[in-house]
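S.K.: I have a structure here, written as structure tokens, and I will follow up with some questions on it.
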Amino acid sequence: MTTERSLVLVKPDGFARGLTGEVLRRIEAKGYRLAALAVTTPDTDRLHRHYAEHEGKPFFEPLVAFMSSGPVAAVVIEGERCIEGFRALAGATDPTAALPGTIRGDLGRDWGEKVQKNIVHGSDSPESAEREIGIWFPEL
Ligand code: DAT
Ligand code: MG
């Protein structure tokens, strides 16, 4: 058994479209537990820390601007290999290329040159998950 935690975000596009429930439904239907849940409009300082690995890339500032444009749902999920499992549920980064059956493939579409709307974020490794959970839920 490898019980893990992962940090999931329902991004401003998904939140504004009322897809938070649908994302949570898929997480729970898979069998992962919700360990923490908060709705917040993140400030740019938090997003610079969250996306530190992408600092300096051409899409970094547009990404931070998009992510701070409205409320997001921040969720800590728990379960057996849930980091890899949620990434599989989310699908490929580009929602047009993401396979049907995935969150991004079923529900996403828009991938502009600057603003990317791919509905969800999910941690990509145990190290990222613990780092990101610390940014969004310092009390955990
Ligand atoms: P993921 O969210 O699938 O983990 P990532 O960590 O590589 O993808 O990138 C974080 C976010 O940045 C991604 O959800 C959307 C945006 N992004 C990534 N690559 C991009 C690119 N080449 N052009 C524009 N935006 C990009
Ligand atoms: Mg990533």
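None of the figures in this text is laboratory data; all of them are computed from the coordinates on show. Because the structure is predicted, anything quoted here is derived from the model rather than measured. Virtual Cβ from ideal backbone geometry, glycine too; neighbours counted across all protein chains shown.
S.K.: Counting other Cβ atoms within 10 Å, keep those with at most 16, restrict to DSSP loop, and tell me which GluC sites (Glu not before Pro) in the stretch 51-116 are left.
M.R.: Values: sites: Glu53, Glu55, Glu78, Glu80, Glu84, Glu113; in loops: Glu55, Glu113.
Filter output for the stretch 51-116: Glu55, Glu113.
S.K.: May I ask you to sort Ser6, Ser125 by Cβ crowding, counting other Cβ atoms within 10 Å and putting the fewest first?
M.R.: Numbers: Ser6 30, Ser125 13.
Lowest count first: Ser125, Ser6.
S.K.: Separate question: Relative to the Cα centre, what is the charge dipole magnitude of the stretch 47-94, using +1 at the beta carbon of each Lys and Arg, -1 at the beta carbon of each Asp and Glu, and rounding to the nearest 20 debye? Spell out each step's value before the answer.
M.R.: Numbers: 4 positive and 7 negative charges, 13 e Å.
Roughly 60 debye, rounded to the nearest 20.
S.K.: Ranked highest first by the average count of other Cβ atoms within 10 Å around their residues, in what order do 64-74, 97-107 fall? Working shown, then result.
M.R.: On the way: 64-74: 18.6, 97-107: 16.6.
In descending order of packing, they fall as 64-74, 97-107.
S.K.: Now a separate question. With point charges of +1 on the Cβ of Lys and Arg and -1 on the Cβ of Asp and Glu, referenced to the Cα centre of the stretch 3-124, which listed residue (Phe86, Met67, Gly56) lies farthest in the positive direction of the dipole?
M.R.: Of the options given, the answer is Phe86.
S.K.: Something else now. Can you compute log10 of I(q)/I(0) for the chain with the Debye formula, treating each Cα as one identical point scatterer, at q = 0.09, 0.15, 0.18 Å⁻¹?
M.R.: Values, matching the q order: -0.23, -0.69, -1.03.
S.K.: Moving to a separate point now. Local charge sum around Lys117 (other residues, Cβ-Cβ under 10 Å, Lys/Arg +1, Asp/Glu -1)? Display every interim value, and only then the final one.
M.R.: Details: positive: Lys11, Arg17, Arg104, Arg109; negative: Asp13, Asp110.
Every neighbour counted, the sum reads +2.
S.K.: For the stretch 17-33, just list the computed ³J(HN,Hα) in residue order, Karplus coefficients 6.51, -1.76 and 1.60, θ = phi - 60°, integers in Hz, with x standing in for Gly and Pro.
M.R.: 7, x, 9, 4, x, 5, 5, 5, 4, 5, 5, 6, 4, 5, x, 7, 9
S.K.: I've got another one for you. Placing unit charges on C-beta atoms (Lys and Arg positive, Asp and Glu negative, everything else neutral), compute the dipole magnitude of the chain about its Cα centre in debye, rounded to 20. Provide the component values of the computation, followed by the final result.
M.R.: On the way: 17 positive and 21 negative charges, 80 e Å.
The calculated dipole for the chain is roughly 380 debye.
S.K.: Hey, another quick one. Be a star and scan the stretch 85-105 for residues whose amide nitrogen sits under 11 Å from the point 7 Å along the Cα-to-Cβ vector of Lys30.
M.R.: From the stretch 85-105, the list is 85-91, 102-104.
S.K.: So, one more: Could you tell me which of Ile133, Leu37, Gly108 has its Cα farthest along the dipole of the chain towards the positive end, charges placed at Cβ (Lys, Arg +1; Asp, Glu -1), taken about the Cα centre?
M.R.: Of the listed residues, the answer is Gly108.
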